[in-house]
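Below is one structure, written out as C-alpha cells; the observations come after it.
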Amino acid sequence: MKQVKEKSIGLAIALNLLLPGVGYMYMGKVIVGIGALLLVLGTFAARADYVLPAWIGINLIMAIDMLLLGKKNQKDVASKTLKKCPRCAEMVQKEAAVCRYCNTIF
C-alpha cells in the first residue's frame, strides 16, 4: 500500500512567501504553482510603484488558498488511512482488525 504523507500548510505558505508558486508545487499543484510564479513575475515587470502592494495582495490570496488546499489535503490523507467502524461510527486505522472504541472485530 502506498504511504500517504500529510503536507505542512505552514511550510507551503512560507515557501510561497519566499518564492511565489513553490508552495503550490510542494502541495502537488505544479501547474498552479507555475501560474502563480508567472503572475508574480508579470507584476514585477509592470511598474515599480505597484510591486509592494501587489506582492502583499498576491501573497495574502495565496496564503488563504494554501489553507483551503491544506484542509483538502488533510481530508484526502484521512480518507486513505482511516475507515469508519460500522458499529460506533468512529474513525479507526484501515489496517485495524478491532475497533479501539467498541471492540468490534472487522
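The values are calculated or read from the model by the stated rules, or taken from the named source; none is laboratory data. Predicted model, so just to flag it, every value in this text is computed and none were measured. We place every Cβ from the backbone using ideal geometry, glycine too, and count neighbours over all the protein chains shown.
Just one of the listed residues (ALA45, ALA78, ALA89) is farther than 26 Å from LEU19 by Cα, of a type in the set (A, V, I, L, M) and exposed (fewer than 12 other Cβ atoms within 10 Å of the Cβ), namely ALA89. Residues in region 71-94: is at least one assigned to a strand (DSSP E or B), in contact with a Lys or Arg (Cβ under 6 Å, 6 or more places away or on another chain) and of a type outside the set (A, V, I, L, M, F, W, C)? Looking through region 71-94, at least one residue is assigned to a strand (DSSP E or B), in contact with a Lys or Arg (Cβ under 6 Å, 6 or more places away or on another chain) and of a type outside the set (A, V, I, L, M, F, W, C).
Just one of the listed residues (THR104, THR43) is hydroxyl-bearing (Ser, Thr, Tyr) and modelled with pLDDT of 85 or more, and it is THR104.
So that you can scan it fast, the table gives a plain yes or no per residue for (1) under 20 Å from ALA14 (Cα atoms); (2) surrounded by 16 or more Cβ atoms within 10 Å (Cβ to Cβ); (3) free of Cβ contacts under 8 Å to residues at least 40 places away in the same chain:
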| residue | (1), (2), (3) |
| --- | --- |
| VAL30 | yes, no, yes |
| VAL40 | yes, yes, yes |
| ASP49 | no, no, yes |
| ALA63 | yes, yes, no |
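Exactly one residue out of LEU15, LEU82 is of a type in the set (A, V, I, L, M, F, W, C) and out of contact with any strand residue (DSSP E or B) (no Cβ under 6 Å at 6 or more places or on another chain): that is LEU15.
Within the bounds of region 27-45, is there any residue that is in a loop (DSSP other than H, G, I, E, B), of a type in the set (Gly, Ala, Ser) and touching a Lys or Arg at 6+ places or on another chain (Cβ under 9 Å)? Among the residues of region 27-45, at least one is in a loop (DSSP other than H, G, I, E, B), of a type in the set (Gly, Ala, Ser) and touching a Lys or Arg at 6+ places or on another chain (Cβ under 9 Å), which makes the answer yes.
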